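The numbers here are math on the coordinates, done by the rules we state, and not lab data. Since we're looking at a predicted model, the values are computed, not measured. Note that each Cβ is placed from the backbone with ideal geometry, even for glycine, and that neighbours are counted across all protein chains shown.
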Amino acid sequence: MANTEKIVKSVNDGEVWVLHAEELAHRGAYGKAVEYYDRAIGIAPDSARAWHGKANILEVLGKYEDAVSCYDTALACDPLDAECWYNKGVALKKLGRNDDAAVCINRGVRIAMGKDH
């Protein structure tokens, strides 16, 4: 495959954008990471990993309502993602929605322990 073809394939591969977003987030470049997650979502709107990653960044930025919305989308794509359930619960707790938070956190723990599937 020619280099140009590799570049085009990479640009059209949602997972490549997710990997770049994760690296940017790790370095604290949250705004750019959100942009890259959005590119991944534009290519692969059913990527639970992209939605979950975006939600994590939004939570770090204090955008809890937006984070919860992204966690919801991630969970629609992968309802057995224990970490996503837990993280959604944490975001809900930060919004003062303690009962909803407890439900999500407990669901995440049950899934992680293999008791909820």
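At-a-glance table
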item: Of the criteria (1) in a helix (DSSP H, G or I); (2) in contact (Cβ under 8 Å) with a residue 24 or more places away in the chain, which one ASP38 fails; result: (2)
item: Counted residues, segment 8-61 - those being polar (S, T, N, Q), buried (at least 18 other Cβ atoms within 10 Å of the Cβ) and farther than 17 Å from THR73 by Cβ; result: 0
item: Checking ALA74 against (1) out of contact with any helix residue (DSSP H, G or I) (no Cβ under 7 Å at 6 or more places or on another chain); (2) under 17 Å from GLU15 (Cβ atoms), the condition it does not meet; result: (1)
item: Number of positions in segment 17-33 that are without any contact (Cβ under 8 Å) to a residue 12 or more places away in the chain, in a helix (DSSP H, G or I) and not small (Gly, Ala, Ser); result: 4
